[in-house]
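Colleague: Pasting a structure below so you can have a look.
The values are calculated or read from the model by the stated rules, or taken from the named source; none is laboratory data. Quick caveat: nothing in here was measured; it's all calculated off a predicted structure. Reconstructed Cβ throughout: ideal geometry from the backbone, glycine too, with neighbour counts over all protein chains shown.
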Amino acid sequence: MRQLDGVVTIVQESRFQLVDDDGVAHHFLLGYGAAIEPEQLPSLLERRIRVSYTDPDNLIGHRAVRLFLLGK
């Protein structure tokens, strides 16, 4: 499983954008069993997180499997 660190900059329903340390934006869809509900995503705006993710064949973007809060 791959991991990426960055800051959450956009949240919409079960989707979010993470900007990494190089300034590259990555788009994620919250996967089932991620231990966070879509309603909780807005609380992560402007927060630094680590995302464990997979790259499904049928999506443009990544599927977030786990999210870890790293700081403000």
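Colleague: Quick check on my filter: what residues within segment 22-40 are farther than 17 Å from S52 by Cβ and in contact (Cβ under 8 Å) with a residue 12 or more places away in the chain?
Modeller: A25, P38 - these are the residues of segment 22-40 that are farther than 17 Å from S52 by Cβ and in contact (Cβ under 8 Å) with a residue 12 or more places away in the chain.
Colleague: Restricting attention to segment 1-53, and to residues there that are hydroxyl-bearing (S, T, Y) and farther than 10 Å from L67 by Cα, which single residue is surrounded by the most Cβ atoms within 10 Å (Cβ to Cβ)? Lay out the reasoning, then the answer.
Modeller: Within segment 1-53, the first condition is being hydroxyl-bearing (S, T, Y), and the residues that meet it are 9, 14, 32, 43, 52-53.
Now drop any that are not farther than 10 Å from L67 by Cα, which leaves 9, 14, 32, 43.
Values: T9: 12, S14: 17, Y32: 7, S43: 11.
Here the residue is S14.
Colleague: If you go through segment 25-72 one residue at a time, how many are closer than 16 Å to R2 by Cα, at pLDDT 95 or above and assigned to a loop (DSSP other than H, G, I, E, B)?
Modeller: Going through segment 25-72 one residue at a time, the tally reaches 0.
Colleague: Are there any pairs, at least 6 apart or on different chains, whose C-beta atoms fall under 8 Å, with the first in segment 43-72 and in contact (Cβ under 8 Å) with a residue 24 or more places away in the chain and of a type in the set (G, A, S) and the second loosely packed, with under 11 Cβ neighbours inside 10 Å and assigned to a strand (DSSP E or B), and if so, which?
Modeller: Partner pairs satisfying both residue conditions: S52/R2.
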